[in-house]
Amino acid sequence: YSLLHGEAVAIGACVSAEVGGIFGVSNKKIINTHYDIFSKYGLPVCVPSEISPKDIINAIRLDKHFLGKLPRMGMIENIGSLWSDNEVFAIPVDYPILIKAIEKNKIWNQKK
């Protein structure tokens with residue numbers, strides 16, 4: 001893929017915000033703030049159409065955030081504040097939730 005590391009991080013942060021929204025941790029304002037701030041600085045915020053959720057899942061299995069059988073993600077409770085479960089900040093995310101978050105991310109521009 002032609003994404004630079006920082007571009008992938010910006011997109012990943014937006015997907016992570018969508019995951020937080022699905023979990024009920026991140027509200028719409030927090031989710032939209034992710035998209036708005038990264039967009040303001042000219043970074044991409046949506047997963048490119050040629051990258052499928054399956055591609056992302058295959059790649060994330062090689063990432064340092066993948067522990068055990070599921071990827072783990074931080075979820076933003078407030079800007080500058082991660083949500084935790086008993087002081088655990090890296091929350092396991094089931095694949096159907098991750099796929100749903102990626103799909104929501106891919107259509108974000110259409111929702112505006």
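The values are calculated or read from the model by the stated rules, or taken from the named source; none is laboratory data. Keep in mind that this is a model prediction, so the values were computed, not measured. FYI the Cβ positions are ideal-geometry reconstructions off the backbone, even for glycines, and counts take in every protein chain you see.
Things to note:
- Restricting region 49-93 to residues that are basic (Lys, Arg) and over 14 Å from the mean Cα position of the chain (by Cα) leaves a set whose member that is modelled with the lowest pLDDT is Lys64.
- Ile37 surrounded by 14 or more Cβ atoms within 10 Å (Cβ to Cβ) and either within 15 Å of Leu98 (Cα to Cα) or charged (D, E, K, R) (or both): no
- When region 48-95 is filtered for residues that are assigned to a loop (DSSP other than H, G, I, E, B) and under 20 Å from Ile30 (Cα atoms), the ones remaining, listed by number, are Gly74, Met75, Ile79, Gly80, Trp83, Ser84, Phe89, Ala90, Val93.
- Boolean, Val19 is in contact (Cβ under 8 Å) with a residue 60 or more places away in the chain and part of a loop (DSSP other than H, G, I, E, B): no
- Candidates Ser26, Ser2, filtered to the one that is surrounded by 12 or more Cβ atoms within 10 Å (Cβ to Cβ), small (Gly, Ala, Ser) and not in a helix (DSSP H, G or I): Ser26
- Any hit, region 69-92, residues being under 19 Å from His5 (Cα atoms) and of a type in the set (Phe, Trp, Tyr): no
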